[in-house]
Amino acid sequence: MRIAITTGGGDAPGLNAVIRAVVLSANQRGWRCFGIRRGFLGLMEGDGILPLGPDQVRGITHQGGTILGTTNRGNPFRWPVARPDGTVEEVDRSDELVAAFRASGWDALVSIGGDGSLGIAHDLWRKGLPTVGVPKTIDNDVAGTLFSFGFDTAVATATDAIDKLHSTAESHERVMVVELMGRDAGWIALHSGIAATADVILIPEIPFDLEPVCAKIRERDAKGRRFSIVVVAEGARPKGGAQVLVERRQAGGADRLGGVGARVAQAIAERTGRETRSLVLGHLQRGGSPTTFDRLLSLRFGAAAVRAIADGRFGTMTAFTPPTISLVPLAEVVGRPRLVPVDGDTVQTARDLGIALGD
Ligand code: F6P
């Protein structure tokens, strides 16, 4: 057996642990592995195939990032091509990719990625490539799995950051607004916001109104708590309004979100008269060493992907369905972001603790 491995989309802590587990599990069976560099670019551009054995994956379990590199602009079905007039069009180059895969003599593909990369994996499987997906995203918005790896580390980073904001907010009697990642799903903001005892948490699933946000801040002021912490997911939007973008979608890519935290901060300052500061935690949430939970989840996913190949269970994704890792059909996963259930107990916990959710 010859297994190809690709890491696509935004990086997340735990990618290297998955790669290591795939390589070592395959090696135990006498199989060989090959890493495709930079998503599918290494295969499309023919310059990026890396033979992977135990030596190549030594000492990488605890390392963030991916030894293969990644890109969120390498969709073979929507390949960006520059026209002479400067515009960019998208063309379908998936046949070339399938031909390159077959020419390499590979028997299986392990595609490690978020919803976008898993959608590509699903389309490649429908074109006949024997593919198994592994769910990766700090946003935790892949359907079919309770957690994707990377999420726990991102939440730990965000919780630590919010903890640090508390002392400076209290010393200066300020409102601190922190914008966290989370395009369509507010998992990072909700979990870290509750754990770090934020006063307000705004998530994409609950369009917000500024009045209850400001009421919460005034209520705290009246009790002598003259500082407040507001956590905003980058994808949060006001009731009846739109998400805040840094940049519109470019060919082959996605809209870049960002800026809602600054807008919320400005509105709070204007409405309450309180001194307010905002910051964006940004890509710090994607970096660093994976937590123990993420390392173990990643290693379990990687080993399960190789077992799936051994059993011929292609067109599936490894999923965390406690207490086991199971396989779910990719068809049931792609294009269905797993959002925070607004009637779930975690949201209810926030409400029970008196945290304002902007509704
Ligand atoms: O999907 C993960 C994510 O971290 C999103 O929350 C964020 O919008 C996006 O990646 C940013 O990606 P990049 O800056 O790499 O394009």
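The values are calculated or read from the model by the stated rules, or taken from the named source; none is laboratory data. Being a predicted model, the structure only gives us computed values, none of them experimental. In this analysis, Cβ positions are derived from the backbone assuming ideal geometry, glycine residues included, and neighbour counts consider all displayed protein chains. Surface accessibility is based on the protein's heavy atoms, side chains included, excluding ligands, DNA and RNA. Shrake-Rupley method; radii C 1.70, N 1.55, O 1.52, S 1.80 Å.
Restricting to region 154-286, what percent of DSSP beta bridges are antiparallel, rounded to 5?
10
Which value, in Å², gives the accessible area per residue of region 96-138 when a 1.4 Å probe is used on the protein heavy atoms?
Accessible area per residue: 29 Å².
For region 59-70, in order, what is each residue's ³J(HN,Hα) by Karplus, 6.51 cos²θ - 1.76 cosθ + 1.60 with θ = phi - 60°, in whole Hz (x at glycine and Pro)?
Per residue, the Karplus-derived 3J(HN,Hα) values read x, 10, 4, 8, 8, x, x, 9, 5, 8, x, 8 Hz.
If packing is taken as the average number of other Cβ atoms within 10 Å across a peptide's residues, how do 82-92, 275-285, 51-61 rank, most packed first?
Descending packing order for the listed peptides: 275-285, 51-61, 82-92.
Which residues' amide hydrogens lie under 5 Å from the amide hydrogen of Ile5, considering only partners 5 or more residues apart or on another chain, with H built in the peptide plane?
Amide H neighbours of Ile5, under 5 Å, 5+ apart: Phe34, Gly35, Ile36, Val110.
Could you list the square roots of 5 times each eigenvalue of the Cα gyration tensor of region 154-286, that is, the equivalent ellipsoid semi-axes, sorted largest first and rounded to whole Å?
Values: eigenvalues 118, 55, 29 Å².
With the √(5λ) rule applied to region 154-286, the semi-axes are 24, 17, 12 Å.
So who's got an amide H within less than 5 Å of the one on Arg93, skipping anything under 5 residues away but keeping other chains? H placed 1.01 Å off N, in plane.
Phe77, Arg78, Trp79
What shape does the chain have by the C-alpha gyration tensor, where a ≥ b ≥ c are the square roots of the eigenvalues, rounded means a/c under 1.5, and otherwise prolate means a/b greater than b/c and oblate the rest?
The shape class here is prolate.
At a 1.4 Å probe radius, carbon and sulfur cover how many percent of the accessible area of the chain?
It is 49 percent, rounded to a whole number.
Nearest 10 degrees is fine. How inclined is helix 94-103 to the longest principal axis of the chain, computing both from alpha carbons?
50
With point charges of +1 on the Cβ of Lys and Arg and -1 on the Cβ of Asp and Glu, referenced to the Cα centre of the chain, which listed residue (Gly30, His191, Thr71) lies farthest in the positive direction of the dipole?
Value computed over the given set: Gly30.
As an exercise, use a Förster radius of 45 Å and the Cβ-Cβ distance of Arg225 and His283 to find the FRET efficiency, rounded to the nearest 0.05.
Step by step, r from the Cβ atoms, then E = 0.90.
What is the set of long-range amide H partners of Leu257 at a cut-off below 5 Å, with H atoms built 1.01 Å from backbone N?
Counting only residues 5 or more places away or on other chains, the set is Val246.
Give the separation of the Cα centroids, region 210-280 to region 120-182, in Å.
Computed from Cα coordinates, the inter-centre distance equals 19 Å.
Can you give the extra length, in nm with one decimal, that the chain gains between Ala242 and His62 once fully stretched, where that is 0.36 nm per residue apart less the Cα-Cα distance? Display every interim value, and only then the final one.
On the way: separation 180, 0.36 × 180 = 64.80 nm, distance 3.84 nm.
Net length gain for the segment: 61.0 nm.
What does DSSP give for the chain in terms of the percent of beta bridges that are antiparallel, rounded to the nearest 5?
Here the share of antiparallel DSSP bridges comes out near 30 percent.
Would you mind checking the tilt of helix 115-126 against the longest principal axis of the Cα atoms of the chain, expressed as 0 to 90 degrees and rounded to 10?
Long axis of 115-126 versus the principal axis of the chain: about 30 degrees.
Under a point spin-label approximation (7 Å from Cα along Cα-to-Cβ), what is the Arg29-Leu353 distance to one decimal in nm?
4.3
Taking the Cα-to-Cβ direction at His166 and at Asp107 and moving 7 Å from each Cα, how far apart do the two end points lie in nm?
5.4
With label points built 7 Å along Cα→Cβ from the Cα atoms of Arg2 and Leu146, find their separation and express it in nm.
Result for the modelled spin labels: 3.9 nm.
Distance cut-off 31 Å, Cα to Cα: go down the list Lys136/Lys164; Lys164/Lys216; Lys136/Lys216 and report the pairs above it. Please report the intermediate quantities before stating the final value.
Working: Lys136/Lys164 27 Å; Lys164/Lys216 21 Å; Lys136/Lys216 35 Å.
The pairs that break the limit, which is 31 Å between Cα atoms, are Lys136/Lys216.
Measuring with a 1.4 Å probe in the full set of protein chains, what accessible area per residue, in whole Å², belongs to region 154-286?
Value for region 154-286: 42 Å² per residue.
For a protection proxy built on the mean count of beta-carbon atoms within 10 angstrom, sort 96-104, 195-203, 312-320 highest first, please.
Descending packing order for the listed peptides: 195-203, 312-320, 96-104.
Working from Cα positions, state the angle (0 to 90°, nearest 10) between the long axis of helix 292-310 and the longest principal axis of the chain.
30
Show that you can apply the helix-only estimate: for the chain, add -39,500 (n - 2.57) for every DSSP H stretch of four or more residues, divide by all residues, and state [θ] at 222 nm to the nearest 500.
-11000 deg cm²/dmol
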